[in-house]
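Written below as structure tokens is the structure these notes are about.
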Amino acid sequence: MMNKFTIRRAKFSNHADGSDAVLTHHDIVGQAAGPTIGVSASIHGNESTGTEIILDLYRALQSVPIRGRIVLLPVANPRAYAQNRRFTPIDELNLNREFPGDPNGSYTQQLAAAITQEFLEKIDVHIDLHSGTDRPTVDYVYIWNDEALSRSFGSSVLYRPQPMREGTTFNGTTTAVTIKRRNIPAVVVELGGGIVDQRPYVERGLKGVLNMLRHLQIIEGAPTPPPKQIVVGAIKTIRPTSAGLLETLAPPLGEVIRKGQLLGRVVSPYTFEVLEEIPTPYDDGVMILSHLSRNLVESGDFGYMVGDMNGADA
């Protein structure tokens, strides 16, 4: 075999049912020397599309020679993944707000510490796969500290966050805290999710990750140039203030939405009354997250995300 495949299970605690609390990693080592690339998914347990992408990536790498080492962490939050929950069900904490973790802290903090020690501290590049949940669907890529790598995934919309103060929630407690300290390239991909067929998103995700590996010269071949891309510097998350059936009226993901257009409306499934109409927040925006089917929502659930086209660049 051209690559060496091993699986390791790092125990960090145990559960009350007697089972071990473990992180499952797949190590794929090529015959030529090179960097270590980490690919993770399901930090939020109800964002499972990335796990499917990693499964197909694992299968694809059976017949593709690599340079260096690839470490796959297909399920970063096993308890949340098993219950299709965003947060860890044991303590209801958001794993992606608990890094670098605490081995003596709550369960989620112990998990974050284990991911930091067993995964984030041992890689040279981090590709972190997120998705919409089991209802909304999302499609964009973050630009953190390696724009060319982010662009090489091939999404048509990218997001360049504005600089944040030290100590703010996002900068200080996600995986970015370790990435920033170690000064290694990192990309966060947001792709898929929703009550729709995930196969097109998984196929795109696999194609995108393989292209990133070509860009990094981990696998052979010239990377495919990215398509026409939009880079936004601001994103607005819109949450319905009424509960009911959310019907989307917005254009598809990646397309422009203009002032006066409605993102959607909330309808009572009991009286059929229109409870709320949700306008777009920008004069010129681009759709980033949407509900692609009629979905039941509670007040305050994720509704839509729209990127601001004012000041966007190519």
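Derivation of every value follows stated rules applied to the coordinates shown; laboratory data play no part. Owing to the predicted nature of the structure, the values given are computational and were not obtained by experimental measurement. Note that each Cβ is placed from the backbone with ideal geometry, even for glycine, and that neighbours are counted across all protein chains shown.
Among 6, 55, 240, flag the residue with its Cα farthest along the positive direction of the charge dipole of the chain, charges on Cβ as +1 for Lys/Arg and -1 for Asp/Glu. Of the options given, the answer is 6. Taking 0.36 nm per residue of separation and subtracting the Cα-Cα distance, full extension of the segment from residue 55 to residue 5 would add 16.6 nm. Subtracting the Cα-Cα distance of residue 292 and residue 102 from their residue separation scaled by 0.36 nm leaves 64.5 nm.
Residues whose amide H lies under 5 Å from that of residue 243, counting only those 5 or more places away or on a different chain, are 299; hydrogens are built 1.01 Å from N in the peptide plane. Loop-located GluC sites (Glu not before Pro) in region 160-268 (DSSP state other than H, G, I, E, B) with a sparse environment of at most 13 neighbouring Cβ atoms within 10 Å: 166, 220, 255. Listed by chain and number, the lysines whose alpha-carbon sits under 24 Å from that of residue 180, ignoring those within fewer than 8 places in the same chain, are 122.
Residue 268 sits among other residues whose Cβ lies under 14 Å from its own Cβ, and their net charge, with Lys and Arg +1 and Asp and Glu -1, is -3. A full extension of the chain between residue 272 and residue 156 corresponds to an added length of 38.1 nm, given 0.36 nm per residue minus the alpha carbon distance.
The calculated FRET efficiency for the pair residue 82 and residue 222, based on their C-beta separation and a Förster distance of 35 Å, comes to about 0.30. Across region 4-228, C-alpha contacts under 8 Å between residues 6 or more apart give a mean separation that, scaled by the residue count, equals a relative contact order of 21 percent.
Of all lysines in the structure, the ones whose alpha carbon falls short of 18 Å from that of residue 259, not counting any fewer than 8 places away in one chain, are 236.
When 242, 131, 63 are arranged by Cβ crowding within 10 Å, least crowded first, meaning fewest neighbours, the order is 63, 242, 131.
Across all C-alpha atoms in the chain, the radius of gyration and Dmax reach 19.8, 65 Å. 3J(HN,Hα) along region 59-73: 5, 5, 6, 5, 10, 10, x, 10, 10, x, 9, 10, 10, 9, 10 Hz, from the Karplus curve 6.51 cos²θ - 1.76 cosθ + 1.60 with θ = phi - 60°, whole Hz, x for Gly and Pro. For the chain, the Cβ-based charge dipole about the Cα centre amounts to some 780 debye (Lys, Arg positive; Asp, Glu negative; other atoms uncharged).
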